[in-house]
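Here's the structure we're looking at; comments come further down.
The values are calculated or read from the model by the stated rules, or taken from the named source; none is laboratory data. In this text the structure is predicted, and so the values were computed from the model without any measurement. Positions of Cβ are backbone-derived with ideal geometry, glycine not excepted, and every protein chain shown enters the neighbour counts.
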Amino acid sequence: MSPPDAEAGTAQSAAVARTADRALVAAARHSAGRTAAVLGCTLGAAAAALAEPAVLGHTLDLLLRRSPSGPAWTLLCAAVIAAEVLLDAAAARLTGEIDGRSTARLRALALTGLLRTAPHHAARHAPGETAARLTAHAAEAGKVPAAVAHAAAALLPPLGAVTALFLIDVWTALAFLVGVPFLVLLLRAFARDTHTSIARYQQVQLETAGRLTEALAGARTIAAAGTAERERARILARLPELGAEGRRMWRVYGGTTARSSTLMPLLLYAVLAVGGLRLSAGALGVGELLAAVRYAGLAAGIGAVTGGLAAVVRGRSAARRTAALLALPALGHGRARLPEDGPGTLELRGVRVVRGGATVLHDVSLVIPGGATVAVVGRSGAGKTLFAAVAGRLTDPDAGRVLLDGVPLPELSAEALRREVGYAFDRPVLIGDTLGGAIAFGSGPDPGPEEVRAAARAAGADPFVRRLPHAYATLLADAPMSGGEVQRLGLARAFAHAGRLLVLDDATSSLDTVTAREVERALAREIRPGTRIVVAHRLSSAARADLVVWLEGGRVRATGPHAELWRHEPAYRAVFAAGTEEDGTRGTDRDAERPAEQAVEQYPERITERNTDRNTVRNADQNTGQNTEREAAR
């Protein structure tokens, strides 16, 4: 890695660490009352633990002297011990609640960051890695607020015990302090080594989860290719490394525990030896010696802080994994709204998009008239899908602007943008409980049952949906569907929420020719009028469009009616495979005779003329369409 790349990576890691700490603070604030209660309970239990040796030692002295106040102090000892037990139990119960609430808060924050970013940013993290960040790592990070409270309270007994040792006898306190520097070095090394080991362990865990998810998604391909053993080996390839990091982590913890377990008795023996000498010299009483030994034990309990410290270190490391989703750049929105009577005119001004350091769209500038159907064509890799994503603001360009009816898309509110700009994709993901719910899924008011059925009819989905046992109430999990049927439902969802701009990103690729034509006719006569952008691979889609945008190498090579491009551009004809169902001359003769530039300039009139032609086609197709629907109903 070059120095600039290393510096960029370091800066990014620091930014993620800051984001993780802010997320942990937000999670702590979400359960501030309970966290304060845990801190109070643990501090109270620590105070009771500190008071216990003094009260117990004094009670012993009183009982040895047969003092009348001995029984009362005995009851006080019992009360102090009971308070410590009850406060510890309350802290344990509250800790479980805080862990759950903090985990939920971190997951909500991470999901918000994931969903508010552009899809290509979200795709930086494999699905398996994302799932691990939102589940195991978020749960580990959710323990940090309570762990910090416990760790803070755990410092009170050792510090208070050292203070009490000085109050009882200076020499016993000094005997204990001889070993404190060794304890500090031990804890420091533990924190450093634990953080490194945990970070490596979690990274390997993420990569393994990502590979497993990829294999599950491609299970049919793996089975068909007969590469199950190879995939198993690939998924488990880093398992030895995962085991090694896990063992290293436990070795660090075990080594620290063993060293502290060796050091602690030595300190206690030193305190006991000095205390015995002071007792024989008459400087200490029996009760005071008992209290000194107990306080030495509490002071030696600073080694127990390693457990709380380990929880905090693990949680912060896990929080950084989860915070990687929070650090994704947000696709922000403004507050502007579109004009009520806008026709859906889309304008791209000097749009440039860069991916992976390479320019994918080069300074695209064009105006798409409102109400037009535009086919975006080009060879694979020409930038068609990215053009569609920029047009409806699934992503922002790195340079340039995109305007809808004169309003820059980033200035629109999220509600206005998604209400007026709809999408259908080549491989839609259906979300909802039922088929009807999947079609109705979207922003704004849900369409009613009639609107859902109308959208399904327009997309050619109604016949196969009604053949299912529960029709539109059929659960998605119980509906066996082909790729084409899933694509029809995705189209139906887009039609049900159609606004002034509808983007079809290869959304009819899995449909047969007859169904694709029916969908095109439905777009013209049944769906809300508006601007259509169709990423087209079929020659028929380009031929029926009002305007073709021809992309090549991320640049607009030409725009104009399909007939003009077909007749005068051999390279345009080469974009489509020979022998398709259309002869490429579709379109009016008037269009064929007019230069492409003139056709674009006189586009509003041309759209009106083409709509008139379409009305003729609709009338001719009306009886056939109705007969088809009646047949499907039967």
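For TYR472, the criteria (1) touching a residue at least 12 places away in the same chain (Cβ under 8 Å); (2) in a loop (DSSP other than H, G, I, E, B); (3) surrounded by fewer than 23 Cβ atoms within 10 Å (Cβ to Cβ); (4) not hydrophobic (A, V, I, L, M, F, W, C) hold in every case but one, which is (2).
Which members of segment 426-449 meet the condition of being closer than 14 Å to ALA498 by Cα, surrounded by 21 or more Cβ atoms within 10 Å (Cβ to Cβ) and either among the hydroxyl-bearing types (Ser, Thr, Tyr) or touching a Leu at 6+ places or on another chain (Cβ under 9 Å) (or both)? Answer for segment 426-449, where residues must be closer than 14 Å to ALA498 by Cα, surrounded by 21 or more Cβ atoms within 10 Å (Cβ to Cβ) and either among the hydroxyl-bearing types (Ser, Thr, Tyr) or touching a Leu at 6+ places or on another chain (Cβ under 9 Å) (or both): just ILE439.
If you go through segment 430-455 and keep only what is closer than 21 Å to ALA516 by Cβ and not in a helix (DSSP H, G or I), you end up with just LEU430.
Every condition in (1) in contact (Cβ under 8 Å) with a residue 12 or more places away in the chain; (2) farther than 22 Å from PRO265 by Cβ holds for PRO158 except the one numbered (2). Regarding segment 237-250, can at least one residue be identified that is more than 17 Å from ALA126 (Cβ to Cβ), in the same structural domain as VAL55 (by TED's automatic domain parsing) and buried (at least 18 other Cβ atoms within 10 Å of the Cβ)? Looking through segment 237-250, at least one residue is more than 17 Å from ALA126 (Cβ to Cβ), in the same structural domain as VAL55 (by TED's automatic domain parsing) and buried (at least 18 other Cβ atoms within 10 Å of the Cβ). Restricted to segment 427-444, and to residues that are in contact (Cβ under 8 Å) with a residue 60 or more places away in the chain and in contact with a helix residue (DSSP H, G or I) (Cβ under 7 Å, 6 or more places away or on another chain), which residue is nearest to ALA388 (Cα to Cα)? Of everything passing the filter in segment 427-444, PRO428 is nearest to ALA388 (Cα to Cα).
Would you mind stating whether GLU520 is of a type outside the set (Gly, Ala, Ser) and farther than 26 Å from ASP433 by Cα?
Considered against the rule, which asks whether it is of a type outside the set (Gly, Ala, Ser) and farther than 26 Å from ASP433 by Cα, GLU520 comes out as yes.
Counting only helices (runs of 4 or more DSSP H) that fall entirely inside segment 207-314 and contain at least 2 residues that are out of contact with any strand residue (DSSP E or B) (no Cβ under 7 Å at 6 or more places or on another chain), over 24 Å from ALA46 (Cβ atoms) and modelled with pLDDT of 80 or more, the qualifying elements are 228-235, 239-280.
Tell me, yes or no, whether segment 43-57 has at least one residue that is of a type in the set (D, E, K, R) and not in a helix (DSSP H, G or I). No, because not a single residue in segment 43-57 is of a type in the set (D, E, K, R) and not in a helix (DSSP H, G or I). Of the residues making up segment 374-389, at least one is assigned to a helix (DSSP H, G or I), assigned by TED's automatic domain parsing to the domain that holds VAL548 and of a type in the set (Lys, Arg). Within the set THR74, THR35, the sole residue that is assigned to a helix (DSSP H, G or I) and either within 23 Å of VAL313 (Cα to Cα) or at pLDDT below 85 (or both) turns out to be THR35.
Within the bounds of segment 432-444, is there any residue that is assigned by TED's automatic domain parsing to the domain that holds LEU551, of a type in the set (A, V, I, L, M) and modelled with pLDDT under 85?
no
Counting only helices (runs of 4 or more DSSP H) wholly contained in segment 85-142, the ones carrying 3 or more residues that are buried (at least 17 other Cβ atoms within 10 Å of the Cβ) occupy 127-132, 138-141. Considering every residue within segment 402-416, establish whether at least one is hydroxyl-bearing (Ser, Thr, Tyr), in contact with a strand residue (DSSP E or B) (Cβ under 9 Å, 6 or more places away or on another chain) and surrounded by fewer than 16 Cβ atoms within 10 Å (Cβ to Cβ). Checked against the condition, which is being hydroxyl-bearing (Ser, Thr, Tyr), in contact with a strand residue (DSSP E or B) (Cβ under 9 Å, 6 or more places away or on another chain) and surrounded by fewer than 16 Cβ atoms within 10 Å (Cβ to Cβ), segment 402-416 yields at least one hit.
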